[in-house]
Amino acid sequence: MPASKGRNLVSLFRARAKTTLKSATTKTSPAGDTTLKQFVSSLDPSSPTLSTTFISKSLSKCSAKFPKPKPSVPELSGQWAIPGLTNEAPLSSEDSTQPLSQEIRYILSGSSLDPQETKNENSTESVLDIPWIPDISRKDSPTGQKGVSRERKSKWVFKSGQVNRFNLLVKMCADRLGTDVTLEVFGKLGRETGVKEYNALIGICIKNARNSDDEEVAMEQISRAFQLFKSMRGQGFQLKEETYAPLLIYLIDMGMIEEFHFFCGVVKDENPSSLSKLGYYEMLLWIRVNNEEKIEELCDYIATQDNVDDNSVQENYLLALCESDRNANFRRLMEIIDITKVQSMDLVASIFKALGRHLLESFMERFLLAFKNCEDGTEKISTLIFCYAAHIPNLAVEEVVSKFKSLHAQYEVAPSSMSYEKLISYCCDSLKVHIALDIVDQMCKTGLTISTGTLNSILNASEGSFEFNLVERIHSLIIHHDLKPNTETFRTMISLRVKMKDYIGAYELLNNLKELNLPRTVSMYNAIMAGFFREKNIVGGFSVLKQMENADVKPDSQTFSYLISHCDSEERINKYYEEMQCVGVQVTKQVVMALINAYASIGQFEKAKQVLADKGVSTRGLTECKSALVSALASHGQISDALQIYKEIKDAECDLEPKAIISLIEHTQSEGEISRLFKLLKELHDQDYWVDGCCRVLLYCVRNKHTSSAIDLLKQLDEKLCNDELALGIIVDEVFSIVADTDDTHLDVCLNLLRAIKDELGLSPSRKCLDFLLSACVNAKDLQSSLFIWRQYEIAGLPYNVVSYLRMYQALLASGAHRSAKDMLSKIPKDDRDVRSIIQACQLAFKHTIAEAKPKTKRKKKGIGM
């Protein structure tokens, strides 16, 4: 939603808040009602303006926490109630759990709830059937209890690596059921709704509000977020920053001042300890709305450091200011601040980052000297030097490293391990791996050690920069400096060796693992197997499985995905699938997609379609697997079947994967498909995929002579690329390079595109573009077009070179302009042997036209008497 529309929400929120007040009178505590009433009255146009500094003037009013009511399950309003989800059902009743689980399962899958359709669905087991709170009868059975516990852990225990998966589950529930019903669902399952669930639901409300252009819809979502706040308070949870921060940021982005103060009041009353942190968001608000008076007032408050209790509030105000571009306000505070009295090291680091960003080197020098004169300040200096140097604008990585070294030398401080590693990470983020390795070498020579995580980040940067050969230097550093790699380090090094096609080196790394007491892992062998298959070395790829067996390394689903996808017969597909089942590897979506591609590659298209039905693909992965089926069918010529499945996906209100859309665009090349291609292009939302798809549609337009559509696509490309002439020029060159090798019928379209590039986009054609067009003129044997393009070099300010002379010579010969060709030949330097060879090849190719052009000499008639 545009920021300008945020102001329109204020009036809507007034009505919403009054409605909320009526419904909340019987559900909230008296203190909560007081807060809401105060807010509603503050929205009245006749009421006085809100306090100028909401946080700073609330310090004296800070009192005990809100009295928390007893935990209660939130009630469902009539509009959200659905059959089977009512408060009357007892939580421990198995009779109620089973139908509830069925209903939820079918709601999430988008299926019917008809009882006749659910009678024979016993094959689909749902994790919703496993209660979190065991029945009393199970407590007397230790075996049963352990079984349920193991099953529950395998299905529902969310570790740190599974947070995204849980958020996806909550999002699915909220999308299908609504936030209110989702809370009830978790209660019915016996899982007490916790902070994680509430945070996920609040995040969904805010995302929906951001994505909506309808003020009423956005306001409804904010109202729901507030109801979730109230529900959390009712459950006895404290409103911490992870809960309220996303909502406050949204209100700040929208410039909704009254709503911001209202929610801050709710947070402050519930959690007085958050008062200082709310100061950070208040400063962000005034900066966002550009309220100079309030910003100056808060800066004055920061400058008064006579009250120790206020330091945390002052520091949060200053932290927000450090992250802004308010140079004058920041500089004013730097002139009076005592950096050694700042309690938070994070704030000090932010100050030094801002000093670098604002180019305030004199303040940086003064602060470093202050820390050097402190007893415990020396160890901080190295990290602060990095914070300053890394945030100086318009510095190359080499210059940042140089500044880092010179400042350490200036203040006679040795770089710490932490600052060295931060500098290495900075280099890796910029893919300057050579510089990062030089720093590692210096670091190790001074006796400092590098962490395994930093070592792995260097390897990842090498892979990202395509400098695979650097693995040799990294391996050498590990050996000579006795660094401590882990299995992930070796997996990445093996992968880099494989990408260099150095399989001997990859296997040597496998052998080195024993010396370091590190185990061989399946991911290491998978990297080698993937390399063989990439190079079409099918025998080598399948041989890796035998090597894994000899090393007692069990294959995983990724291994079998590689194997199955490269099978050339149905028998081999069945063999590896059965072997996968024998070793206990579960069917994953990667395996399903491998089966689809394998069957499609051998022409078994019906079996490829049947995979989705036979393998029991989960709802969450179904769209991705269907997208793989669309790609497989399209790439093997089954366009009609691919489009039918695409239609089924759209009818189910799901989105096709971008790669599948690209595949459809690429293989839909018959005439009369222009409208379908444009429709597919609109479904690509990621810019990289959109540009890729647009180029393919552009080629289709050129091949099928849809000149106006091609020009329209060029304009869209120019807009998408933000008028990036270099990027657009590369794309145009690629289009002309492909067209140059086709027949002469496309030359008129290309010339029209050239005119559109010049006249409508205001761009000058590149040398490559004109060279390719001259090549097209050779195929078309079009003299006038050749002369037109030849003039474009001069108009674009491109001097003629050997290549352009040769292409024009060839075009003149092809069109029969031999006198002009002879003149052009005289301008071509013939010192280079390759140039002479090309000239001879041109003359040989067009010798028939040269022969026809030679004038016939007339013989003199002899006189009769002679």
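Listing for the model above:
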| read-out | value |
| --- | --- |
| Per-selection metrics, the range 427-557 (Cα): Rg and Dmax in Å | 15.2, 48 |
| Sorted peptide list for 831-842, 395-406, 488-499, 241-252, criterion being average Cβ within 10 angstrom, highest first | 488-499, 241-252, 395-406, 831-842 |
| Most to least packed among 421-430, 292-301 [average Cβ atoms within 10 Å] | 421-430, 292-301 |
| The range 225-344 - charge dipole about Cα centre, Lys and Arg +1 at Cβ, Asp and Glu -1, debye rounded to 20 | 380 debye |
| Label-reachable residues, the range 525-567, where backbone N falls under 14 Å from a point 7 Å from residue 514's Cα toward its Cβ | 550-552 |
| Dipole moment magnitude, nearest 20 debye, the range 695-852 about Cα centre, only Lys, Arg, Asp, Glu C-beta charged | 500 debye |
| Spin-label pair residue 783/residue 727, simplified geometry with 7 Å Cα→Cβ offset, distance in nm | 4.4 nm |
| Ordering of 749-760, 646-657 by burial proxy (mean other Cβ atoms within 10 Å per residue, highest first) | 749-760, 646-657 |
| Computed lengthening from residue 719 to residue 438, 0.36 nm per intervening residue step minus Cα-Cα distance | 97.0 nm |
| FRET E, pair residue 196, residue 273, Förster distance 35 Å, beta-carbon r, rounded to 0.05 | 0.95 |
| Cα-projected label distance for residue 802 with residue 398, points at 7 Å along beta-carbon direction, nm | 3.1 nm |
| In Hz, Karplus ³J(HN,Hα) per residue of the range 227-244 (6.51, -1.76, 1.60; θ = phi - 60°; x = Gly, Pro) | 4, 5, 4, 4, 5, 4, 5, x, 7, x, 8, 8, 7, 9, 4, 4, 8, 8 |
| Cα→Cβ-extended label distance, 7 Å offset, between residue 827 and residue 687, nm | 4.1 nm |
| Potential lengthening between residue 466 and residue 552 on full extension [0.36 nm per residue; Cα-Cα distance subtracted] | 27.7 nm |
| Tensor-based shape of the range 214-256 (alpha-carbon gyration tensor, a/c under 1.5 rounded, otherwise prolate or oblate) | oblate |
| Integer Hz, Karplus 6.51/-1.76/1.60 couplings in order for the range 507-513, x for Gly and Pro | 6, 5, 5, 4, 5, 6, 4 |
| In Hz, Karplus ³J(HN,Hα) per residue of the range 363-370 (6.51, -1.76, 1.60; θ = phi - 60°; x = Gly, Pro) | 5, 4, 5, 5, 5, 5, 5, 5 |
| Shape category assigned to the range 260-349 from the gyration tensor of Cα positions, a/c cut at 1.5 | oblate |
| Exceeding the 21 Å Cα-Cα cut-off - candidates 514/575; 554/589; 207/353 | 514/575; 207/353 |
| Gain upon complete extension [residue 304, residue 579; 0.36 nm per residue less C-alpha separation] | 91.6 nm |
| As computed over the range 500-658, the Cα convex hull volume per residue (Å³) | 135 Å³ |
| Surface accessible to a 1.4 Å probe, residue 454 within the full protein complex, Å² | 10 Å² |
| Two-site FRET efficiency, residue 671 against residue 755, from Cβ-Cβ distance with R₀ of 25 Å, rounded to 0.05 | 0.55 |
| Computed E for residue 647/residue 296 - FRET, C-beta separation, R0 51 angstrom, nearest 0.05 | 0.25 |
| Cut-off 19 Å (backbone N to label point 7 Å along Cα→Cβ of residue 738), residues of the range 760-792 | 766, 768-777 |
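The values are calculated or read from the model by the stated rules, or taken from the named source; none is laboratory data. Note that this is a predicted model, so its numbers are computed, not measured. Cβ atoms come from the backbone with ideal geometry, glycine included; neighbour counts cover every protein chain shown. Accessible surface is based on the protein model in full, side chains and every heavy atom, while ligands, DNA and RNA are left aside. Shrake-Rupley method; radii C 1.70, N 1.55, O 1.52, S 1.80 Å.
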